[in-house]
Amino acid sequence: MAEGLRERKKRQTRQYISDVATGLFTERGFEAVTVAEVAQAADVSVNTVYNYFPAKEDLFLDRSKGVVDRLSRWVRGRRDGESAAEAVLRELREETETVSPRIGLMDGYAKFMKVIQDSPALRSRMWAIGQEVLANLEQTLREETGAEGEDPMPALMAGQINWLHGTVIATIGQRMLAGGRPAEVSRETLVLLDEMEGLLSPKVLKYAVRGAA
């Protein structure tokens, strides 16, 4: 469905406010900037900021929704004969090989990570997002396999599969903070993915195979 004028303007306003806030946070640090200062810099009211962003952390982590359901999307989109873990490994490799900014492989990511590193509030929110990712993935695995509510396997497998994604994202962030270049970090991450796959048991690698009897 085509985006209407009203929806487009709202999306553009939301993005503008987030961009202004990100610039301020990057320059001065997350804790040092108030929502009122963001509103003033964006030439909107404080109420308008809160209409778009329920919490201050949302101004900086405005794309967290896409992260929360990423693993579930990848698992649901797995190919015939492909397991949940194999689908996530494939997607991570594709993102890494293409030096995708979606996983932090871009110039300027170190500044973004530095803001998070220096802010207890943002680190706390990142942890909460990680828990949402894990819970979302577990629910998806239950739905995809038809597992009963008391079956512990989806939770156990979600932990293993989430480990792949979480480790890759954390490693990229650390390497970029240390001054790594996107292409260089991409090559290192591909090696890491091979090593991580080698640590997974056959049971994990063959869980939730699409089309399996």
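ARG90 satisfies every condition listed in (1) open to solvent by 30 Å² or more (accessible area, probe 1.4 Å); (2) of a type in the set (D, E, K, R); (3) under 30 Å from VAL209 (Cα atoms); (4) in a loop (DSSP other than H, G, I, E, B) except (4). The selection criterion, being under 28 Å from ALA135 (Cα atoms), part of a loop (DSSP other than H, G, I, E, B), of a type in the set (D, E, K, R) and in contact (Cβ under 8 Å) with a residue 60 or more places away in the chain, holds for ARG78.
Every residue, every condition in (1) exposed (fewer than 15 other Cβ atoms within 10 Å of the Cβ); (2) at pLDDT below 95; (3) among the hydroxyl-bearing types (Ser, Thr, Tyr), yes or no:
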{"position": "GLN15", "(1), (2), (3)": "yes, yes, no"}
{"position": "VAL20", "(1), (2), (3)": "no, no, no"}
{"position": "ALA39", "(1), (2), (3)": "no, no, no"}
{"position": "VAL46", "(1), (2), (3)": "yes, no, no"}
{"position": "VAL49", "(1), (2), (3)": "no, no, no"}
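Can you give me the ranges of the helices (runs of 4 or more DSSP H) entirely in region 12-75 with at least 3 residues that are closer than 18 Å to PRO120 by Cβ and either in contact with a helix residue (DSSP H, G or I) (Cβ under 6 Å, 6 or more places away or on another chain) or of a type in the set (A, V, I, L, M, F, W, C) (or both)? Fully inside region 12-75 and qualifying: 56-60.
Looking only at region 56-87, filter to residues that are of a type in the set (Gly, Ala, Ser), open to solvent by less than 40 Å² (accessible area, probe 1.4 Å) and modelled with pLDDT of 95 or more; which one of those is farthest from VAL209 (Cα to Cα)? So the residue we want is SER72.
Is there a residue being more than 20 Å from GLN174 (Cβ to Cβ), among the polar types (S, T, N, Q) and surrounded by fewer than 20 Cβ atoms within 10 Å (Cβ to Cβ) anywhere in region 93-100? Within region 93-100 (the criterion being more than 20 Å from GLN174 (Cβ to Cβ), among the polar types (S, T, N, Q) and surrounded by fewer than 20 Cβ atoms within 10 Å (Cβ to Cβ)), the answer is yes, since at least one residue qualifies. Residues that are exposed (fewer than 14 other Cβ atoms within 10 Å of the Cβ) and either among the charged types (D, E, K, R) or closer than 9 Å to PRO182 by Cβ (or both) within region 101-111 comprise PRO101, ARG102, ASP107, listed in sequence order.
So that you can scan it fast, the table gives a plain yes or no per residue for (1) under 14 Å from the mean Cα position of the chain (by Cα); (2) acidic (Asp, Glu); (3) more than 30 Å from ALA32 (Cα to Cα):
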site	(1), (2), (3)
PRO101	yes, no, no
VAL115	no, no, no
THR140	no, no, yes
MET176	no, no, no
PRO182	no, no, no
SER186	no, no, yes
GLU197	no, yes, yes
LYS203	no, no, yes
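In region 183-201, the qualifying residues are those that are of a type outside the set (S, T, N, Q) and more than 14 Å from LEU89 (Cβ to Cβ), and the one that is surrounded by the fewest Cβ atoms within 10 Å (Cβ to Cβ) is ALA183.
Return yes when GLU132 is open to solvent by 70 Å² or more (accessible area, probe 1.4 Å) and either in contact with a helix residue (DSSP H, G or I) (Cβ under 6 Å, 6 or more places away or on another chain) or aliphatic (A, V, I, L, M) (or both) and no when it is not. Yes.
Mind checking which residues of region 139-154 are in a helix (DSSP H, G or I), open to solvent by 40 Å² or more (accessible area, probe 1.4 Å) and without any contact (Cβ under 8 Å) to a residue 40 or more places away in the chain? The answer is GLU143, and nothing else.
The values are calculated or read from the model by the stated rules, or taken from the named source; none is laboratory data. As the structure is a computational prediction, the values presented were derived from the model and not from experiment. Methodologically, a virtual Cβ is constructed for each residue, glycine included, from the backbone with ideal geometry; neighbour enumeration extends over all protein chains shown. We work out accessible area using only protein heavy atoms, side chains counted, and drop any ligands, DNA or RNA first. Shrake-Rupley method; radii C 1.70, N 1.55, O 1.52, S 1.80 Å.
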